[in-house]
Amino acid sequence: MPATITIHLFQQLREIVGQKTVTFEGFEGTVEDLVGWFLDTYPDTAEELQDDGEMSPRYMVAVNKALVRQPQWGMTKLIGGDNVAFLTLLSGG
């Protein structure tokens, strides 16, 4: 059944897209499908999110506050009401 998924954006992605959240109504699929849809819909984010056509290791995806590792994206189904966030790994010193 199609679902409404909310994507929360932070830092650079928020600045590029110009919104704190993006809603995808009628979504059916996995985290991998959602990442593909996001990159197709907001192509200006590709430079930030990707390195050589692959998801940058600087970014992680969380679903309902739980990190989902990239190898699991294709197996992680999203359901209505899920909250997804693209999170930047921070380094400090």
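The values are calculated or read from the model by the stated rules, or taken from the named source; none is laboratory data. Nothing here was measured: the structure is a model prediction, and the numbers come from that model. Every residue, glycine among them, receives a Cβ derived from its backbone with ideal geometry; neighbour counts consider all protein chains shown. Heads up: the accessible areas ignore ligands, DNA and RNA and are worked out on the full protein's heavy atoms, side chains in. Shrake-Rupley method; radii C 1.70, N 1.55, O 1.52, S 1.80 Å.
Could you check how much of the accessible area of the stretch 8-93 is carbon and sulfur, as a whole percent, using a 1.4 Å probe?
Details: 2650 of 5450 Å².
Here carbon and sulfur together make up 49 percent of the probe-accessible area.
Taking Cα atoms only, the orientation of helix 31-41 departs from the longest principal axis of the chain by about 70 degrees. Contact order for the chain, expressed relative to its length and based on alpha carbon pairs under 8 Å spaced 6+ residues apart, stands at 39 percent. Mean silhouette area of the stretch 24-63, derived from the convex hull of its C-alpha atoms and averaged over all directions, reads 3.1 nm². Computed over the chain, the quotient of the alpha carbon radius of gyration and 2.2 N^0.38 Å is 1.02. Measuring gaps between exposed loop sites in the chain (trypsin sites (Lys or Arg not before Pro); DSSP loop; at most 12 other Cβ atoms within 10 Å), the longest gap, sites not included, is 21-64.
The residues of the stretch 1-67 expose, per residue, 60 Å² of accessible area to a 1.4 Å probe.
Estimated from helical segments only, the mean residue ellipticity of the chain at 222 nm is -6000 deg cm²/dmol, where each DSSP H run of four or more residues counts as -39500 (n - 2.57).
Under the 0.36 nm per residue contour assumption, what length would be gained going from the current alpha-carbon distance of residue 21 and residue 60 to full extension? Display every interim value, and only then the final one.
Working: separation 39, 0.36 × 39 = 14.04 nm, distance 1.65 nm.
Between residue 21 and residue 60, full extension yields 12.4 nm more.
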